[in-house]
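Report on one structure; see the data block that follows.
Values in this text are rule-based calculations from the coordinates and carry no lab data. Computed from a predicted structure; not experimentally measured. Here the Cβ positions follow ideal geometry from the backbone for every residue, glycine too, while neighbour counts run over all protein chains shown.
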């Protein structure tokens, strides 16, 4: 029996709606302090600078060109995006809802500055655009009316999953980082990752042997499992050739079974890796998004086994027809799919380091599509950081007594176990981790952040857990850098401290 993917496509649509909703709401609650009129990196200022440089929508695709980037317009984009995400979540107008969510999120990403520059932001945009080709363009898509998705659209999702996971493995080896090459990367990972969680400290204590095995399994999931998709593609093509030669479905049974199980292996490996990462760190909605992209790899028979028996009746049988009947629309969507495959292939080649070998015309194609985030290169944790530097921000009324600003999620108090923030994405806390990898001059947004603290700007102070001056304006602010590393169990028992800390010195000048 030919495997079907109607149920997994239905789950993919609902899960993607959830991810979009989480992403929009998470951004919305931070937006004023990050890019609002009185925020750290005002979007209106960025838009004005882009206009002065003669740039437009084709260079920076955002609806802000038409509706402005004031606080009301930014909030409206979030609200409409949340509405589109909710409609996608409940299965109302899934195709159009995915398109609307992707366009709105791209609009925010384009003017989000350093706070919208994460790989999972562009991954969400790309997944949203692909979803418009996979999900049905109909009023409602209930589980009882599941429809088999177009095979080429489904394989476009597979291509994205392959590119994401395989490139994430390749960059670890291509970087030349000896921590990955020697399988010692996870000896450092749990205390150097941007936002550890409560399990990071105990897992770190498990020792080098455990971490080496874990590193090996990461490579299996990122470099080995993606070839399940390649095997499945080869098996499907073989099945097609056999059918053309014999006109017999029975003769294609073995290659079809190979394809089904190869996709299962890839999907389960990807999902398993993301669940483990989710358990030991806070990566916003990245893990949930990657799991969502992996769901279409699982066929309906496997989905039925995983769903509780009492819920299986909600699913209908996969219909043989496609989700849209109009030939003109189908032709347009097929053209978009071919364009997507083309760009995705170019992005994969560029990610594999073959970019310099590509003709100039292909580089131009990639450059033209890059602002729209429809085909991206990925690669997470290419180089494992071995030390953790934390920036601690202080204010003072007299320049003698200094009080510390407390962040909501990043490490600070050495006696505090890291908390859980995912799937929320605390952008300022994350950006503080990246800032600590460089210098004050390399992070121009940080100067504006300190200025906003001097002004006691409420929208920026709302991003923090504690303002030591309770809304009053300090006369001085500064940033100091500290070294942080996990302590062992003995230190925790003796001092009740999870972190060993050491002050390294000034990170910024003192502003007043």
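Computed from the C-beta positions of residue 511 and residue 151 and an R0 of 60 Å, the FRET efficiency is 0.55 to the nearest 0.05. Scattering from the stretch 216-307 was approximated by placing one identical point on each alpha carbon and applying the Debye formula without solvent; log10 I(q)/I(0) at 0.12, 0.16, 0.26 1/Å stands at -0.45, -0.71, -1.24. Of interest is the spacing of the C-alpha centroids, which for the stretch 384-428 and the stretch 79-100 amounts to 36 Å.
Below 8 Å, C-alpha to C-alpha, sequence gap of six or more: please give me the relative contact order for the chain in percent.
Once normalised by length, the contact order is 21 percent.
Fewest neighbouring Cβ atoms within 10 Å first, the residues 373, 473 line up as 473, 373. Taking other Cβ atoms within 10 Å as a rough exposure proxy, 494, 457 sort from fewest to most as 494, 457. Annotation: Cα Rg of the stretch 118-272 relative to the compact-globule expectation 2.2 N^0.38 Å equals 1.33. Computed across the chain, the Kirkwood hydrodynamic radius from all distinct Cα-Cα pairs reaches 24.7 Å.
Here the stretch 61-148 is treated as an ellipsoid with the same Cα gyration tensor; its semi-axes, largest first and in whole Å, are 26, 14, 9.
By DSSP, the beta bridges lying fully in the chain are antiparallel in about 95 percent of cases. In degrees from 0 to 90, rounded to the nearest 10, what is the angle of the helix 327-349 Cα long axis to the longest principal axis of the chain? So the helix axis and the longest Cα principal axis differ by about 50 degrees. In the stretch 388-506, Cα pairs under 8 Å separated by at least six residues give a relative contact order of 37 percent. A simple spin-label model places pseudo-atoms 7 Å from Cα toward Cβ; at residue 199 and residue 51 they are separated by 4.9 nm. Under Stokes-Einstein, with the Kirkwood radius over Cα pairs as Rh, the value for the stretch 1-154 at 20 °C and 1.002 mPa s is 133 µm²/s. Give, to the nearest whole percent, the P(r) tail of the stretch 388-506 beyond 23 angstrom, counting all Cα pairs. Of the Cα pairs, 33 percent sit more than 23 Å apart.
Length available on full extension from residue 173 to residue 144: 0.36 nm per residue minus the Cα-Cα distance, which gives 5.9 nm. Treating each Cα of the stretch 424-474 as an identical point scatterer and summing with the Debye formula, the log10 of I(q)/I(0) at q = 0.12, 0.17, 0.30 Å⁻¹ comes to -0.29, -0.57, -1.17.
For the stretch 107-146, what is one quarter of the convex hull surface built on the Cα atoms, given in nm²?
Answer in nm², one decimal: 3.8.
Using r as the Cβ-Cβ distance of residue 248 and residue 306, and R0 as 35 Å, what FRET efficiency do you calculate, to the nearest 0.05?
Calculated transfer efficiency: 0.65.
Placing R0 at 25 angstrom, the Cβ-Cβ distance between residue 496 and residue 387 gives a FRET efficiency of 0.60 after rounding to 0.05. Pairs of Cα atoms nearer than 8 Å and 6+ residues apart set the relative contact order; for the stretch 118-268 it is 19 percent. Helix 227-246 axis versus longest C-alpha principal axis of the chain: approximately 10°, rounded to the nearest ten. Seen against the Cα atoms of the chain and their longest principal axis, helix 444-454 is set at about 50 degrees. Ordered by the count of other Cβ atoms within 10 Å of each Cβ, fewest first, 86, 449 give 86, 449. Normalised by residue count, the stretch 159-221 yields a Cα convex hull volume of 94 Å³ per residue.
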